[in-house]
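Here's the structure, in structure tokens; my notes come after.
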Amino acid sequence: SIPPFLSAGDTSVLAGIYGPAEAKLSKELPDRATLEVLLRPKVGLPGVLERSREQQLRQTCEAVVLGVLHPRTAITLVLQVLSDAGSLLSCCLNAACMGLLDAGLPLSSLFCGVTCALGPNGTIALDPTVRQEQEARAVLTFAIDSSERKVLMATTKGSCSVEELQQCLATAQRAADTIFQFYRDSLHRRYSKS
Amino acid sequence: YLVPNVELPSLCSERFRSGPPGEEAQAASQFIADVIENSQMIVKEDLCIANGKLAWVLYCDIICLDYDGNLLDASVFALLAALKNVQLPSVIINEETGLSEVNLKQKTPLTIRKYPVATSFAIFDDALLIVDPTAEEEDLATGTVTIVTDEEGRLCSVHKPGGSPLTGAKLQDCITRAITRHKEVKKLIDKVIKSIMPK
């Protein structure tokens, strides 16, 4: 089967899901599945930044995956960055969600990643390119869930005011609708082969 | 430049084993580096001694002595207090030899432009929020949020690494509380620094 491969502009991330498989005794939890996320950068060995991203992705996935249905198992999510042209974290989030969907794991809701860049004159740009990110005052990434458009994960880079945060959040929630529609369309295409 | 490093030795809690830094320590180090960068509390130009030749590198080692939850808040305060105490000796570069001469008798304090303060909340089942969680509360919580504000009420960082979802209104609530707490904490830090300054 074709593994889920998400490309947003020129940023692409390949997601591989393994599980629910047998967990190592030291890592197994008695009542739920253990989730592990490995993020491999395009060049070099994974460093502190990758670890931090892995922790964020892991806790986001743990909130949606119904781990209680598969106790004492391990679910491994491996993300390989193929190219980075901005908005990498939200691309990883989207790839992770599509991977979980494709693997058929039980989820309580879907989630999507949206990045907003606050330009120097107050404009909000969604899914910014690397240049837009560098010129921006602040770059905010949100993971929005599909059931009630609540915030699952939030990370900010640079400083912004409280009103700007709320504006970006509202924009991200609206953009989430487009992304969820995209999930539906691509899954529909995949599973409606005659 | 600054290199923060958060260490969680097995001294502080039985959950940490000795060996290479675990995920929590690395994620905390990344968070501290982001806070320093986002809040612009230390401008890198202030650490420059000679343009293109010599600059100070500050290694910030934050070692946890006792872990009872809320690692990120405590690390940010410790870093802030430590940086306020830093005295940089003056350095003169000898024009002829090109070597630097450090004068340890003449010291200037580091200029700190912003005072970021972190406030952490533990989320329980999408409804209850507890400020400054202990280790037990953190273990039972379904998610955490950390908000870093500076004295102008601007947000330096919103760190919510997954966990149960929050509505925009709840997030706003957290932010307003974080801003109030900033004022109290800043007063406390000023008091402590003043009390340990040599007269």
Residue B:35 meets each of (1) within 12 Å of chain A (Cβ to nearest Cβ); (2) more than 20 Å from residue A:50 (Cα to Cα); (3) in contact with a Pro (Cβ under 6 Å, 6 or more places away or on another chain) with one exception, condition (2)
Of the conditions (1) modelled with pLDDT under 85; (2) within 14 Å of another protein chain (Cβ to nearest Cβ); (3) surrounded by 13 or more Cβ atoms within 10 Å (Cβ to Cβ); (4) over 22 Å from residue B:30 (Cβ atoms), residue B:179 fails just one. Which one is it? (1)
Has region B:53-62 got any residue that is aromatic (Phe, Trp, Tyr) and loosely packed, with under 10 Cβ neighbours inside 10 Å? yes
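Out of curiosity, is residue B:189 among the hydrophobic types (A, V, I, L, M, F, W, C), surrounded by 14 or more Cβ atoms within 10 Å (Cβ to Cβ) and more than 12 Å from every other protein chain (Cβ to nearest Cβ)?
Values: among the hydrophobic types (A, V, I, L, M, F, W, C): yes; surrounded by 14 or more Cβ atoms within 10 Å (Cβ to Cβ): yes; more than 12 Å from every other protein chain (Cβ to nearest Cβ): yes.
In short, yes.
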Strands (runs of 3 or more DSSP E) completely within region A:53-171 that count 3 or more residues being more than 20 Å from residue B:158 (Cβ to Cβ), without any contact (Cβ under 8 Å) to a residue 24 or more places away in the chain and under 12 Å from the mean Cα position of the chain (by Cα): none
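Which of the residues spanning region B:116-132 are touching a helix residue (DSSP H, G or I) at 6+ places or on another chain (Cβ under 9 Å) and outside any strand (DSSP E or B)? Outline the logic, then answer.
The first filter runs over region B:116-132 and keeps only residues touching a helix residue (DSSP H, G or I) at 6+ places or on another chain (Cβ under 9 Å), leaving B:116-124, B:126-127, B:129-132.
Passing the criteria: B:116, B:126, B:127, B:132.
One line per residue, one yes/no per condition, for (1) of a type in the set (D, E, K, R); (2) assigned to a helix (DSSP H, G or I); (3) farther than 20 Å from residue B:145 by Cβ; (4) in contact with a helix residue (DSSP H, G or I) (Cβ under 7 Å, 6 or more places away or on another chain):
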| site | (1), (2), (3), (4) |
| --- | --- |
| B:17 | yes, no, yes, no |
| B:33 | no, yes, no, no |
| B:59 | no, no, yes, no |
| B:65 | no, no, yes, no |
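Taking the stated definitions as given, is residue B:151 touching a residue at least 12 places away in the same chain (Cβ under 8 Å), away from chain A (no Cβ under 14 Å) and not small (Gly, Ala, Ser)? If you could, list the steps in order and put the result at the bottom.
Details: touching a residue at least 12 places away in the same chain (Cβ under 8 Å): yes; away from chain A (no Cβ under 14 Å): no; not small (Gly, Ala, Ser): yes.
Answer is no for this residue.
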What pairs come out if I take residues in region A:34-45 that are assigned to a strand (DSSP E or B) and pair them with residues that are open to solvent by less than 20 Å² (accessible area, probe 1.4 Å) and of a type outside the set (Gly, Ala, Ser) whose C-beta lies under 6 Å away, six or more apart or interchain? A:35/A:61; A:35/A:75; A:37/A:54; A:37/A:57; A:37/A:77; A:39/A:54; A:39/A:79
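Out of all the residues in region B:112-129, is one or more more than 17 Å from the chain's Cα centre (by Cα), more than 7 Å from chain A (Cβ to nearest Cβ) and either on the phi > 0 side of the Ramachandran plot or in contact (Cβ under 8 Å) with a residue 60 or more places away in the chain (or both)? Don't jump to the end; show me each part of the working.
Filtering region B:112-129 down to residues more than 17 Å from the chain's Cα centre (by Cα) leaves B:122-129.
In the following step, the residues that additionally are more than 7 Å from chain A (Cβ to nearest Cβ) were identified as B:122-129.
This time we only want the ones that are either on the phi > 0 side of the Ramachandran plot or in contact (Cβ under 8 Å) with a residue 60 or more places away in the chain (or both), so: B:125-126.
Yes: region B:112-129 contains one or more residues that are more than 17 Å from the chain's Cα centre (by Cα), more than 7 Å from chain A (Cβ to nearest Cβ) and either on the phi > 0 side of the Ramachandran plot or in contact (Cβ under 8 Å) with a residue 60 or more places away in the chain (or both).
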Considering only region A:137-148, I want to know if a residue exists there that is away from every other protein chain (no Cβ under 12 Å), crowded, with 22+ Cβ neighbours inside 10 Å and over 22 Å from residue B:123 (Cα atoms). no
So which residues in region B:163-182 are within 21 Å of the chain's Cα centre (by Cα) and either in contact (Cβ under 8 Å) with a residue 12 or more places away in the chain or under 23 Å from residue A:146 (Cα atoms) (or both)? B:174, B:175, B:177, B:178, B:179, B:181, B:182
Return the residues of region A:163-194 that are surrounded by fewer than 17 Cβ atoms within 10 Å (Cβ to Cβ) and either facing another protein chain (nearest Cβ under 7 Å) or of a type in the set (Gly, Ala, Ser) (or both); say none if nothing qualifies. A:166, A:170, A:186, A:192, A:194
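Does at least one position in region B:152-164 carry a residue that is outside any helix (DSSP H, G or I) and open to solvent by 80 Å² or more (accessible area, probe 1.4 Å)? Quick ask: steps written out before the conclusion?
At the first step, the residues of region B:152-164 found to be outside any helix (DSSP H, G or I) are B:152-164.
So of that shortlist, the ones also open to solvent by 80 Å² or more (accessible area, probe 1.4 Å) come out as B:152.
Scanning region B:152-164 turns up at least one residue that is outside any helix (DSSP H, G or I) and open to solvent by 80 Å² or more (accessible area, probe 1.4 Å).
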Those residues of region B:64-111 that are open to solvent by 50 Å² or more (accessible area, probe 1.4 Å), among the hydrophobic types (A, V, I, L, M, F, W, C) and farther than 26 Å from residue B:185 by Cα come to a total of 4
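The values are calculated or read from the model by the stated rules, or taken from the named source; none is laboratory data. Predicted model only: the values in this text are computed from it and were never measured. Heads up, the Cβs are rebuilt from the backbone with ideal geometry, glycines too, and the neighbour counts pull from every protein chain shown. Areas reflect the complete protein model, heavy atoms only, side chains present, ligands, DNA and RNA absent. Shrake-Rupley method; radii C 1.70, N 1.55, O 1.52, S 1.80 Å.
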